[in-house]
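First the structure, in the form of structure tokens, and then the observations on it.
The values are calculated or read from the model by the stated rules, or taken from the named source; none is laboratory data. All values derive from a computational prediction rather than experimental measurement. Don't worry about glycine lacking a Cβ; one is built from the backbone with ideal geometry, like all the others, and counts go over all protein chains shown. Note: areas computed on protein heavy atoms with side chains; ligands, DNA, RNA excluded. Shrake-Rupley method; radii C 1.70, N 1.55, O 1.52, S 1.80 Å.
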Amino acid sequence: MNDNEQRFNTYFLMKADDVPEYINIKIPDFFDEKAELVSEEIGDGNLNYIFRVSDKHSDKTIIVKQAAEELRISKEMKISTDRGRIESEILSLQSRLAPGYVPQVFLYDEVMCTICMEDMKGHEMMRTALTQHKIFPRFADQITDYLVNTLLFTSDIIMSHKEKEKLTTRFVNPDLCEITHDLVYTEPYNDFRGRNIISPGIKDVVHMELYNDTKLHLEVAKLKYDFLTNAQCLIHGDLHTGSVFINDDHIFVFDPEFAFFGPAGYDIGNVIANLFFAWCNCDATEKDIHKRNEFCDHILNTIRDILDMFIIKFKKAYCENVSDISFETDEYMDHYLSGILSDTAGVAGLETIRRTVGMAGVKDIRSINDTDKRERAEKILISLGKKYIMERDSFKCGDDYISAIKTTVNEL
Ligand code: SR1
Ligand code: MG
């Protein structure tokens, strides 16, 4: 082994210039012998460093994602780099469960804590596209395929109990789950760490509606306990619109480093909440009324369709694939599905609130420059989030979400 190869036998955080050599050593056949490689750091997430390596003489590219112990969002937060292993393993599993919906993994390197994976070329980050108010009519159909195939097929309804039990141990993810406990389930309701980020004009609302509402605290505690204990299926764990790359025809769902066996509704609720952030952004910033109406209507239709398509596809897949005789009846299926739908609404509420007042906000809302409009959006989000949480058992289909959204918007 020469000196160059040895460089990568001990972990260090790479700079863009290190990555071409790294790829040539670790995946020597990936690029052509005559390739001239260049590398750039393209990540803007909270946790990792993402590099794109390209050949100047061809259109071949590869993505290298490296985990650091210190998070990008805050150097004081340190988490295990094992998240890279979890991410590469779930991507491999999901490429079988939902073919075409996740990027291909070429290599996981446990020393350098890197994942080398397919570049999702021809796609853009969904959050970025949505903040430009682009419309994606196929998204509801695509994401519900992904959700049903990844969630239901890793649950005890379909997967053999022994296989699931074994798989559960591969996806124990304590550090990343702790981030979620803190940022999603705890801090938005008391700010005991002082990390919340609250617009000055909504401070009173936050105190009254979030910090001082003990009935809300009880329901959030129930949802938190469910997240801690309900190992229902293998979830993505952070399925916001920054975890989707999209174009007119296709989506990739990526970045599943928060994956673990948890409640199915966590993923569905995240999708629903994050779509509505795009609605708020357009409502506050789009000056062209026709574009505004078209985009906002499209978002509401997408939210409705996701719920309704999920229910139809879930029931079909359940009936065709249920593997345990105890769960074969329609009555059990309806009981199981209504639990998922209640969790979905609860988590949609938690995500809606935590991205509004918590440390990890979203660009859709925080980039609204007009203070009055941003604070109006934030008040809508807090009120809607609370309805989702407090009345979660009554959100049974897409129209229930649309009614709640329309009522809340008209109230504020
Ligand atoms: C400290 S990480 C903050 C947030 O970014 C991730 O994408 C997760 O959503 C996490 O809660
Ligand atoms: Mg992420």
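A compact table of results
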| read-out | value |
| --- | --- |
| Subset of the stretch 393-407 (residues that are over 13 Å from ALA273 (Cβ atoms) and either part of a helix (DSSP H, G or I) or open to solvent by 50 Å² or more (accessible area, probe 1.4 Å) (or both)) | ASP393, SER394, LYS396, GLY398, ASP399, ASP400, ILE402, SER403, LYS406, THR407 |
| ALA377 being touching a Phe, Trp or Tyr at 6+ places or on another chain (Cβ under 8 Å), part of a helix (DSSP H, G or I), small (Gly, Ala, Ser) and open to solvent by less than 20 Å² (accessible area, probe 1.4 Å) | no |
| Tally of residues being within 16 Å of ligand 1 (Cβ to nearest atom) and more than 18 Å from THR229 (Cα to Cα) across the stretch 142-191 | 4 |
| Any pair with Cβ under 6 angstrom, 6 or more apart, that starts in the stretch 172-185 at a residue that is under 14 Å from THR81 (Cα atoms) and in a helix (DSSP H, G or I) and ends at one that is open to solvent by less than 40 Å² (accessible area, probe 1.4 Å) and of a type in the set (Lys, Arg) | LEU176/ARG83 |
| ILE63 under 13 Å from ASP109 (Cβ atoms) and at pLDDT 95 or above | no |
| Looking only at the stretch 34-49, and only at residues there that are within 14 Å of ASP18 (Cβ to Cβ) and within 16 Å of ligand 2 (Cβ to nearest atom), the one that is surrounded by the most Cβ atoms within 10 Å (Cβ to Cβ) | TYR49 |
| Residue list for the stretch 59-75, filter: open to solvent by less than 10 Å² (accessible area, probe 1.4 Å) and among the small types (Gly, Ala, Ser) | ALA67, ALA68 |
| Criterion: open to solvent by 30 Å² or more (accessible area, probe 1.4 Å) and modelled with pLDDT under 95 - qualifying residue of LYS26, LYS56, LYS78 | LYS78 |
| Matching entry among ALA278, ALA317, ALA284, ALA273 (being within 16 Å of ligand 2 (Cβ to nearest atom) and either in a helix (DSSP H, G or I) or open to solvent by 10 Å² or more (accessible area, probe 1.4 Å) (or both)) | ALA273 |
| Near pairs, Cβ below 7 angstrom, 6+ apart or cross-chain, from the stretch 361-373 (at pLDDT 95 or above) to any residue that is surrounded by fewer than 16 Cβ atoms within 10 Å (Cβ to Cβ) | GLY361/ILE197; THR371/GLY201 |
| Which numbered condition LEU167 fails, given (1) within 29 Å of ARG127 (Cα to Cα); (2) touching a Ser or Thr at 6+ places or on another chain (Cβ under 9 Å); (3) modelled with pLDDT of 95 or more | (1) |
| Answer residue from the stretch 229-244, given it is within 12 Å of ligand 2 (Cβ to nearest atom) and within 17 Å of SER95 (Cβ to Cβ) and is surrounded by the fewest Cβ atoms within 10 Å (Cβ to Cβ) among those | SER243 |
| Some residue of the stretch 54-73 being closer than 28 Å to ASN196 by Cβ, β-branched (Val, Ile, Thr) and within 16 Å of ligand 2 (Cβ to nearest atom) | yes |
| Selection count, the stretch 240-255, where residues are within 14 Å of ligand 1 (Cβ to nearest atom) and touching a Phe, Trp or Tyr at 6+ places or on another chain (Cβ under 8 Å) | 5 |
| Filter pass, ASP226 being outside any helix (DSSP H, G or I), more than 16 Å from ligand 1 (Cβ to nearest atom) and over 24 Å from SER92 (Cβ atoms) | no |
